[in-house]
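Peer 1: Please see the structure below; I have some questions.
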Amino acid sequence: MWKNIHINKAIIFIFTAPTLLTTKIASSQDIIENLLDILPLELDLGSWSIYEVKDNPTKTTLILREAITGEEYLNNKKCYWLETEIIPIVGFASVYRFLIQPESEGKHSILKIVTREGANLPETYNYDTIQNQPAEEMVKKKLIGEELIEYRTGKVRAKHYNIEIEHKEIDIWVAPEIKPLGLVRLRSKDGEMTLVKHGKGGVESKSSLLQDKESSSETKEDKRASEHIDVKVEK
């Protein structure tokens with residue numbers, strides 16, 4: 001019996017409007033994989049995008065970062081870590097990492113999910129925990145057309161889709177050059193997610209979880225060094 005996990009679907013789905021409902025890892029995995037098939041995901045190591053997310057129910061704004069932060073071989077296949085970090089104006093950031101295995105015909109599988117909500121310790125959900133769970137809903141999409149979208153640091157031609165998921169409708173605008181997700185804008189009655197900037201390399205391409213571990217390790221070493229006392233033995 002696998003457990004429920006309380007995660008804002010805006011984060012766990014990466015793409016949907018914020019502050020929806022609690023979900024299970026298995027159904028989240030299936031929906032994420034469907035959405036990955038819709039978006040022009042580019043598993044380009046070091047690529048990243050920064051978004052501004054507005055949540056209508058709570059009237060709050062936050063920053064969301066998407067990045068391909070690493071590679072890992074699993075079952076002799078190269079997989080990629082897609083990391084989502086949500087940064088509130090007040091409080092601790094939350095991080096969600098997805099180990100993605102590219103498949104043929106643009107399909108993708110999620111083999112592992114690592115979550116760290118706020119100041120809590122990270123939790124890992126492996127493939128054997130989340131596989132073979134029934135999908136609750138299918139994702140339906142409809143192409144509306146192609147539009148020129150302006151964002152804070154530029155503009156891009158993007159395809160506009162209407163998506164129905166769990167009886168909720170969202171509109172997304174996608175362009176393959178906006179790596180890694182290809183997502184330019186997302187709108188629903190619950191909120192809006194808009195591209196701020198995108199790029200490759202630099203601090204934005206690094207995993208926040210791994211950086212936190214390194215910082216914690218360095219802090220411990222510094223503390224040990226500061227607490228070290230030299231003892232001289234007089235003869």
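Every read-out reported here was derived from the displayed coordinates using simple, explicitly stated rules and does not represent laboratory data. Computed from a prediction, not measured in an experiment: that's the story for all the values here. Cβ coordinates were reconstructed from backbone atoms using ideal geometry, including for glycine residues, and neighbour counts include every protein chain displayed.
Peer 1: Across the stretch 90-105, which residue is farthest from residue 76 (Cα to Cα) among those that are touching a Pro at 6+ places or on another chain (Cβ under 9 Å) and of a type outside the set (Ser, Thr, Tyr)?
Peer 2: Once the filter is applied, the top-ranked residue is 95.
Peer 1: Cβ-Cβ below 8 Å, separation at least six or inter-chain, first residue in the stretch 170-193 and without any contact (Cβ under 8 Å) to a residue 60 or more places away in the chain, second part of a loop (DSSP other than H, G, I, E, B): which pairs?
Peer 2: 184/175; 184/178
Peer 1: While we're looking at this one, here's another question. So which residues in the stretch 154-191 are farther than 17 Å from residue 50 by Cβ, part of a strand (DSSP E or B) and over 20 Å from the mean Cα position of the chain (by Cα)?
Peer 2: Hits for the stretch 154-191 are 157, 159, 160, 161, 162, 164, 168, 169.
Peer 1: Which of (1) in contact (Cβ under 8 Å) with a residue 40 or more places away in the chain; (2) in contact with a Phe, Trp or Tyr (Cβ under 9 Å, 6 or more places away or on another chain); (3) of a type in the set (Gly, Ala, Ser) does residue 158 not meet, given it meets every other one?
Peer 2: Evaluating residue 158 over (1) in contact (Cβ under 8 Å) with a residue 40 or more places away in the chain; (2) in contact with a Phe, Trp or Tyr (Cβ under 9 Å, 6 or more places away or on another chain); (3) of a type in the set (Gly, Ala, Ser) leaves (1) as the failure.
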